[in-house]
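Have a look at the structure below, then the notes.
Please treat every number below as a calculation from the coordinates, not as lab data. In this text, all values refer to a predicted model and were calculated from it rather than measured experimentally. For neighbour counting, all protein chains shown are included, and Cβ atoms are generated from backbone atoms with ideal geometry for every residue, glycine included.
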Amino acid sequence: MGGQPSQPQKRFSSLSDLGQSSPSTGHDGKARIVRVRLDTSGRKGKAVTLVEGLQHNPQTMNEIARILKQHCGAGGTVKEGNVEIQGDQRRRVGEKLQAMNYVVKTDLPSNAALTK
């Protein structure tokens, strides 16, 4: 219907193939510091993982949010310059951001800190 030709869909033979073709390869955090924390205030007790310190244009922020939501298997959004992911996803979000070359500071207890 539109003027753009449709792109062929990529087929994967296994879930490991899907993980290897991660869309995060296009984003380089350039060793920027981001903070990952858990927030429940003003949410009727519901936990939300906040990613603060990502200083990108709105299109890039939406792309990073999409990557994190897919990685965590959770919903989320971009609000007020922060990425919000539903639930306590601090460990998963932190690991993915580290893989994207960000320096991650988190409020996880020291015995549960991210490993890399």
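General observations
- Cross-link table 30/105; 30/96; 44/96; 30/79, entries beyond 19 Å C-alpha to C-alpha: 44/96; 30/79
- Sites residue 86 and residue 30, calculated FRET efficiency, Cβ-Cβ separation with R0 25 Å, nearest 0.05: 0.35
- Rg(Cα)/(2.2 N^0.38 Å) for the range 28-108, N = residue count: 0.98
- Amide proton proximity set for residue 87, modelled H, under 5 Å, gap of 5+: 47, 48, 49
- The packing ranking, built from the mean of other Cβ atoms within 10 Å per residue, places the peptides 60-70, 32-42 in the order 60-70, 32-42, highest first.
- Share, in percent, of DSSP beta bridges within the range 28-108 that are antiparallel, nearest 5: 70
- Neighbours of residue 70, meaning other residues whose beta-carbon lies under 12 angstrom from its beta-carbon, give a summed charge of +3 when Lys and Arg score +1 and Asp and Glu score -1.
- Straight-distance crosslink candidates among aspartates and glutamates, where the alpha carbon sits under 16 Å from residue 69 and sequence neighbours closer than 8 are dropped: 52, 84, 88, 95
- Extension gain for residue 105 to residue 43 (0.36 nm times residue separation, less C-alpha to C-alpha distance): 20.0 nm.
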